[in-house]
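Here's the structure, in structure tokens; my notes come after.
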Amino acid sequence: MRWSEIDLENATWRLPEEIDKTRKVRDFPLSPFAIELLEQAKAFTLQDCPDIVFPAARKGSLGNQHLSAAI
């Protein structure tokens, strides 16, 4: 997930066509809890990866297994 895909004002996440399996742009609504989480995540933005919402400690983004373990 990248910050450039997030629209906090309209509470949506736009999944780009190059990431979606069907090659379509998809918009997902964000819940109030998701908005709150994303607002807090801004504090953890890394200088090396400023567009990645949930950065890994060693550059790049966290994998699915990391996020599943956190949940």
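Values for this structure:
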quantity	calculated
Residue match in the stretch 23-38 (condition: free of Cβ contacts under 8 Å to residues at least 24 places away in the same chain and closer than 16 Å to Ile52 by Cβ)	yes
Checking Trp13 against (1) touching a helix residue (DSSP H, G or I) at 6+ places or on another chain (Cβ under 9 Å); (2) loosely packed, with under 11 Cβ neighbours inside 10 Å, the condition it does not meet	(2)
Residue count for the stretch 1-45, restricted to those that are part of a loop (DSSP other than H, G, I, E, B) and among the aliphatic types (A, V, I, L, M)	6
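Quick note: the coordinates plus some simple rules give every number you see, no bench work behind them. Everything numeric here is computed off the predicted structure, so don't read it as measured data. No Cβ is skipped: glycine too gets one built from the backbone with ideal geometry, and neighbour counts run over all protein chains shown.
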